[in-house]
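The values are calculated or read from the model by the stated rules, or taken from the named source; none is laboratory data. Remember, it's a predicted structure, so these values are computed and weren't measured experimentally. Because the Cβ atoms are built from the backbone with ideal geometry, glycine has one as well, and the counts that use them run over all protein chains shown. Ligands, DNA and RNA are stripped out before the accessible areas are found, and what is left, the full protein with its side chains, is counted by its heavy atoms. Shrake-Rupley method; radii C 1.70, N 1.55, O 1.52, S 1.80 Å.
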Amino acid sequence: RFRYYQNVCTQSYSYAWWDWERWEREIDWMALSGINLALAFAGQEAVWQRVYRTLGLNQSEIDAYFTGPAFLAWNRMGNLRGWAGPLPPSWHLKQLYLQYRIVERMRSLGITTVLPAFAGHVPQGVLRVFPHINATRLGGWSHFDCTYSCTYLLDPEDTMFQVIGTLFLKELMKEFGTDHIYSADTFNEMTPLSSDPAYLSRASSAVFKSMTGADPEAVWLMQGWLFQHQPDFWQPAQVRALLRAVPLGRMIILDLFAESKPVYLWTESFYGQPFIWCMLHNFGGNHGLFGTVEAINHGPFVAKNFPNSTMVGTGLVPEGIEQNDMVYELMNELGWRQEPLDLPSWVTRYAERRYGAPNAAAAGAWQLLLRSVYNCTGVCVNHNHSPLVRRPSLHMDTELWYNASDVYEAWRLLLSASTELGSSPTFRYDLVDVTRQAAQQLVSDYYQGIRHAFQSQALPNLLTAGGLLVYDLLPELDSLLSSHGLFLLGRWLESARAMATSDQEAEQYELNARNQVTLWGPSGNILDYANKQLGGLVLDYYGVRWSLFVSVLVESLNSGVPFHQDQFNQAVFQVERGFVYNRKRYPAVPAGDTLEISRRLFLKYYP
């Protein structure tokens with residue numbers, strides 16, 4: 001029944017700076033892909049601000065609560081508050097106007113919109129206005145302390161829970177209309193106050209009741225991430241209590257990471273509540289070729305045939321988009337199928353459709369990619385841990401789930417197809433992406449050379465491997481990425497600045513955009529979680545880090561003083577922070593010939 005799309009995190013990792021033109025393009029792609037259920041989350045802070053003012057909060061209390069635009073996803077789930085904020089009045093206005101157009105366009109194309117609902121998180125100011133309210137301060141989230149985390153959760157049984165929840169939803173419906181499906185995540189990566197099933201049942205019941213108080217036809221859409229994220233807490237009794245407190249059929253669960261860690265299997269198909277089999281695939285919007293094609297080709301059909309299955313659809317829920325197009329095309333197609341596809345023949349047709357012409361070399365390249373990078377088996381978590389995009393140390397992860405030579409060979413085949421297909425924009429994009437993957441593999445090789453040279457105290461070898469990496473391979477990779485519009489740091493930063501209505505806002509938004517893809521927090525709290533491979537970022541962030549690492553190792557061999565990771569971390573943090581605040585403007589238009597640069601890299605580095 002449903003083909004669902006979007007993850008609450010994508011709102012920040014990918015859509016944060018989108019204008020209407022970019023949104024319209026995405027919504028049209030959704031319709032073309034047969035998606036008929038999607039989040040419509042823009043503009044909610046404007047409505048919340050109105051609700052908070054109605055409740056008696058003052059502006060400074062509201063400003064201390066909202067995060068900056070690049071981190072709103074985690075403010076909405078009660079993980080963060082205040083970081084990189086506040087939100088200027090112009091932000092609210094622009095997002096409201098965007099949301100009017102988003103819901104209008106989605107509905108006109110037959111897509112059911114999912115609006116946000118109240119999950120129970122409140123600003124501290126609510127405690128000043130209502131001193132007798134029963135709210136509990138939650139602990140810190142991830143690596144954040146209480147400076148920017150530890151938000152307040154309203155007790156579900158407090159009368160104010162219903163007042164706030166219903167007030168918000170009524171305001172929201174007045175503003176945007178409704179399709180009667182609402183999303184709320186009360187315990188996302190947050191341990192509930194009690195594991196008592198009766199408590200969890202009351203909490204769940206209260207969230208649903210605050211929805212039906214405003215809309216008697218409300219259906220609650222919930223991310224099932226929490227169950228597999230904290231399985232020790234969410235035992236069958238706890239899961240059942242949370243789910244069965246809502247009438248059967250009035251809740252839809254997203255089995256969010258079903259391709260790797262399906263939850264329906266150990267919850268008797270979510271104890272009778274309908275669920276959507278979702279492919280998460282990507283974390284943090286990282287670049288890096290990756291897929292679990294066998295798992296997604298079979299998983300939905302296994303789930304559909306599960307005893308007493310309550311599966312009602314398939315979904316795409318990546319944390320970040322604009323990477324690995326093939327995997328999403330495949331998943332979209334499976335929503336229409338009765339049985340698994342023959343993947344090798346499907347991918348040959350995919351290459352032909354994608355480039356607009358049949359080509360044996362291109363088809364051969366895709367066969368190799370299909371069996372290697374795109375065929376991760378077992379429990380696969382697609383976080384790019386390549387040394388390229390991680391803080392250097394002597395203990396970095398260089399493990400691959402595939403045969404590296406398959407990617408090098410696919411690179412050679414794609415290059416050989418460039419005379420025939422070079423004018424195709426999708427071909428040029430894929431050539432950059434595959435060349436980038438090959439370069440990422442090469443960085444691991446040079447890193448291993450650097451580590452080995454250092455550990456065996458071979459200074460000439462260290463200088464050679466380190467010099468090639470820092471002064472040739474990384475600059476070449478940066479120039480490759482800079483030759484394509486979709487791989488530019490400037491595109492991300494300039495789109496952030498374009499949202500601003502003053503120089504001061506532009507500076508704030510740009511700092512938001514830079515921090516998210518690097519430090520992710522004031523002190524590298526979730527360092528490099530949202531790493532990207534972008535022209536400008538490779539040279540001025542990853543490259544500078546590697547340069548410092550190599551020179552510290554050389555200095556250590558020269559002086560005989562041992563290398564200390566802690567000291568290096570302190571020094572490199574200054575480099576990382578320096579990048580966030582360097583105020584350099586990066587081009588938003590590509591420069592250089594992609595085919596030529598890829599060929600040059602190939603001639604130098606093809607193993």
Exactly one of Leu511, Leu489 is surrounded by 22 or more Cβ atoms within 10 Å (Cβ to Cβ), within 19 Å of the chain's Cα centre (by Cα), touching a residue at least 60 places away in the same chain (Cβ under 8 Å) and within 18 Å of Pro69 (Cα to Cα), and that residue is Leu489
In the set Glu104, Glu21, Glu26, the lone residue that is touching a Phe, Trp or Tyr at 6+ places or on another chain (Cβ under 8 Å), at negative phi and open to solvent by 10 Å² or more (accessible area, probe 1.4 Å) is Glu26
Subset of region 107-117, residues open to solvent by 10 Å² or more (accessible area, probe 1.4 Å) and not aliphatic (A, V, I, L, M), comes to Arg107, Ser108, Gly110, Thr112
Taking region 61-94 and the residues there that are open to solvent by 20 Å² or more (accessible area, probe 1.4 Å) and in a helix (DSSP H, G or I), the one that is farthest from Arg3 (Cα to Cα) would be Glu61
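For (1) outside any helix (DSSP H, G or I); (2) open to solvent by 30 Å² or more (accessible area, probe 1.4 Å); (3) in contact (Cβ under 8 Å) with a residue 60 or more places away in the chain; (4) in contact with a strand residue (DSSP E or B) (Cβ under 7 Å, 6 or more places away or on another chain), each residue gets a yes or a no:
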{"site": "Phe427", "(1), (2), (3), (4)": "no, no, yes, no"}
{"site": "Ser444", "(1), (2), (3), (4)": "no, no, no, no"}
{"site": "Tyr447", "(1), (2), (3), (4)": "no, no, yes, no"}
{"site": "His452", "(1), (2), (3), (4)": "no, yes, no, no"}
{"site": "Leu462", "(1), (2), (3), (4)": "no, no, yes, no"}
{"site": "Leu473", "(1), (2), (3), (4)": "no, no, yes, no"}
{"site": "Leu480", "(1), (2), (3), (4)": "no, no, yes, no"}
{"site": "Leu493", "(1), (2), (3), (4)": "no, no, yes, no"}
The one condition Ser204 fails out of (1) open to solvent by less than 40 Å² (accessible area, probe 1.4 Å); (2) out of contact with any Ser or Thr (no Cβ under 6 Å at 6 or more places or on another chain); (3) in a loop (DSSP other than H, G, I, E, B) is (3)
When Met190 is run through (1) in a helix (DSSP H, G or I); (2) under 26 Å from the mean Cα position of the chain (by Cα), the failure sits at (1)
Those residues of region 163-193 that are under 27 Å from Tyr271 (Cβ atoms) and open to solvent by 40 Å² or more (accessible area, probe 1.4 Å) come to a total of 5
Going through region 236-278 in order, the residues found to be touching a Pro at 6+ places or on another chain (Cβ under 8 Å), open to solvent by 10 Å² or more (accessible area, probe 1.4 Å) and under 24 Å from Glu294 (Cβ atoms) are Trp266
How many residues of region 91-129 are more than 25 Å from Leu32 (Cβ to Cβ) and β-branched (Val, Ile, Thr)? The answer is 3
Of the conditions (1) at pLDDT below 95; (2) open to solvent by less than 30 Å² (accessible area, probe 1.4 Å), the single one that Asp397 does not satisfy is (2)
Checked Phe118, Phe66, Phe130, Phe71 against criteria (of a type in the set (A, V, I, L, M, F, W, C), free of Cβ contacts under 8 Å to residues at least 24 places away in the same chain and outside the structural domain of Gln504 (by the TED database)); the one match is Phe66
